[in-house]
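A short worksheet on the structure shown next.
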Amino acid sequence: MFEASVLSAFKALAFAFVALFPVVNPIGDAPIFLSLTRHYPDAIRRVLARKIAFYGFLLLAGSMALGSRLLEFFGITITTVQMAGGMVLAHTGWTMLNQSDTGASAPSASTRPATLEVAMENAFYPLTLPLTVGPGCISLAITLGAHIRRENTTLGQNLPHFVATLAGMFLVCLLVWVCYANADRMVKALGTTATNIITRLSSFVLLSIGVQIFWNGFTVAITPVLQIFAR
């Protein structure tokens, strides 16, 4: 029983990490982050990277924990969340799969003084939202929380999966911190071609995950209809 619970929690952690990594895309976003913060000293850039990872984790955790409750308040079912979230993720993955080279359309750097105070003004917007944790990430976090509540009906079943999913989110945000803090080194090491290849592969995984989440919700929604016609 204990081993089964540990395995189930590990699967929840792995699923959260694998689902979030392509859409958060710390490796693909690192060149964009570098272009937006190139006028800051390395020390300030590292502080920004840590702050962005912290804000990103709060956004993801809050969306997972409270997003479903807010949706229930508005009368939106969990199945609908899965279907809508899956379509959003699939669309995001498809868009990323067909976009131009990473960072090609990134906005130019700010001309304001390169001080820590000015950098912190941009830490949440636009560097965290929407650059790092955008609508696709928030939709996915809500969908993950809804999926946990649908699959596990009691608090004892929910809590380990929530903790494991939070751990997966933490690992993704930890990678955001590492990649952003070392964006200049990473871009030099990978090169443009390798960075674009990683982005394309991540986009395809995201597309596949979006389709799977949509299919899970669609299966639940269509089953009662099929049962009616089968009578």
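The values are calculated or read from the model by the stated rules, or taken from the named source; none is laboratory data. What you are looking at is a predicted structure, and each value in this text was computed from that prediction instead of being measured. Methodologically, a virtual Cβ is constructed for each residue, glycine included, from the backbone with ideal geometry; neighbour enumeration extends over all protein chains shown.
Details
- Residues located in segment 119-138, provided they are at pLDDT 85 or above, in a loop (DSSP other than H, G, I, E, B) and either within 12 Å of residue 25 (Cβ to Cβ) or of a type in the set (D, E, K, R) (or both): 133
- Segment 1-38, subset of a type in the set (Val, Ile, Thr) and buried (at least 19 other Cβ atoms within 10 Å of the Cβ), residue farthest from residue 167 (Cα to Cα): 37
- So residue 38, is it among the charged types (D, E, K, R) and either modelled with pLDDT under 90 or touching a Pro at 6+ places or on another chain (Cβ under 9 Å) (or both): yes
- Whether a residue is part of a helix (DSSP H, G or I), among the β-branched types (Val, Ile, Thr) and closer than 26 Å to residue 60 by Cβ was assessed, and residue 225 does not pass this test.
- Close pairs from segment 201-218: first under 18 Å from residue 24 (Cα atoms) and touching a residue at least 60 places away in the same chain (Cβ under 8 Å), partner assigned to a helix (DSSP H, G or I) and polar (S, T, N, Q), Cβ under 8 Å, at least 6 apart: 206/92; 210/92; 213/82; 213/143
- Pairs, first on the phi > 0 side of the Ramachandran plot and surrounded by 20 or more Cβ atoms within 10 Å (Cβ to Cβ) in segment 39-59, second of a type in the set (A, V, I, L, M) and not in a loop (DSSP other than H, G, I, E, B), C-beta under 8 Å, six or more apart: none
- Here 89, 66 are screened, and the one residue that is more than 24 Å from residue 187 (Cα to Cα), at pLDDT 80 or above and out of contact with any Ser or Thr (no Cβ under 6 Å at 6 or more places or on another chain) is 66.
- Any chance residue 176 is aliphatic (A, V, I, L, M) and at pLDDT 85 or above: yes
- Test for residue 208: is it at pLDDT below 95, farther than 23 Å from residue 51 by Cα, among the hydroxyl-bearing types (Ser, Thr, Tyr) and surrounded by 20 or more Cβ atoms within 10 Å (Cβ to Cβ): no
- Flag if residue 142 is over 21 Å from residue 29 (Cα atoms) and surrounded by 14 or more Cβ atoms within 10 Å (Cβ to Cβ): yes
- Output for segment 1-31, where each listed residue is polar (S, T, N, Q) and within 18 Å of residue 145 (Cβ to Cβ): 8
- All positions within segment 139-160 that are at pLDDT 85 or above, within 22 Å of residue 76 (Cβ to Cβ) and touching a Ser or Thr at 6+ places or on another chain (Cβ under 7 Å): 141, 142, 144, 145
- In summary, helices (runs of 4 or more DSSP H) completely within segment 1-104 and bearing 2 or more residues that are over 19 Å from residue 132 (Cα atoms) occur at 2-24, 42-73, 78-97.
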